[in-house]
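Peer 1: After the structure tokens below, expect a handful of questions from me.
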Amino acid sequence: MVNRSSEITDLEEALGAIVVFTEDADDSSWMIGRTPRQTLHVRLGDFPDEEMWSLWLGHDRWMDFTQPPEGWTLQISDKGWPDTAADHGARSIR
């Protein structure tokens, strides 16, 4: 689960890594992925008012994006999608 001390120490490594994100067992609105050196936390935005995804950078900073980096796969189940999402269904976003 993400906490205030979580942070991205090497953004270039994080964005260039091959990472499979899965739902956080403790909080379904967050997804966790791991690189060899750091843990990444992504949350699903609140449609349509926010970008689709937000990467927690740490120190109250976020990186919002709609299209994830090429090496990232975000796997989210049906229950993980908010009611405001345009389409539902278990799927992977690459």
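The values are calculated or read from the model by the stated rules, or taken from the named source; none is laboratory data. Since we're looking at a predicted model, the values are computed, not measured. All Cβ positions, even for glycine, are placed from backbone atoms using ideal geometry, and neighbour counts span all protein chains on display. Note: accessible area is taken over every heavy atom of the protein model, side chains too, but ligands, DNA and RNA are not part of it. Shrake-Rupley method; radii C 1.70, N 1.55, O 1.52, S 1.80 Å.
Peer 1: Please enumerate the residues belonging to segment 1-22 that are out of contact with any strand residue (DSSP E or B) (no Cβ under 6 Å at 6 or more places or on another chain) and crowded, with 17+ Cβ neighbours inside 10 Å.
Peer 2: Leu15, Ala17
Peer 1: Given the residues Asp24, Asp64, Asp10, Asp83, which is the only one that is on the phi < 0 side of the Ramachandran plot and modelled with pLDDT under 85?
Peer 2: Unique residue meeting the criteria: Asp83.
Peer 1: Could you list, in sequence order, all residues of segment 32-51 that are in contact with a strand residue (DSSP E or B) (Cβ under 9 Å, 6 or more places away or on another chain), at pLDDT below 90 and open to solvent by less than 70 Å² (accessible area, probe 1.4 Å)? Even if it seems obvious, please write down each step before you answer.
Peer 2: The initial filter retains those residues of segment 32-51 that are in contact with a strand residue (DSSP E or B) (Cβ under 9 Å, 6 or more places away or on another chain), namely 32-35, 39-45, 50-51.
Subsequent filtering for residues that are at pLDDT below 90 retains 43-45, 50-51.
Those that are in contact with a strand residue (DSSP E or B) (Cβ under 9 Å, 6 or more places away or on another chain), at pLDDT below 90 and open to solvent by less than 70 Å² (accessible area, probe 1.4 Å): Arg43, Leu44, Gly45.
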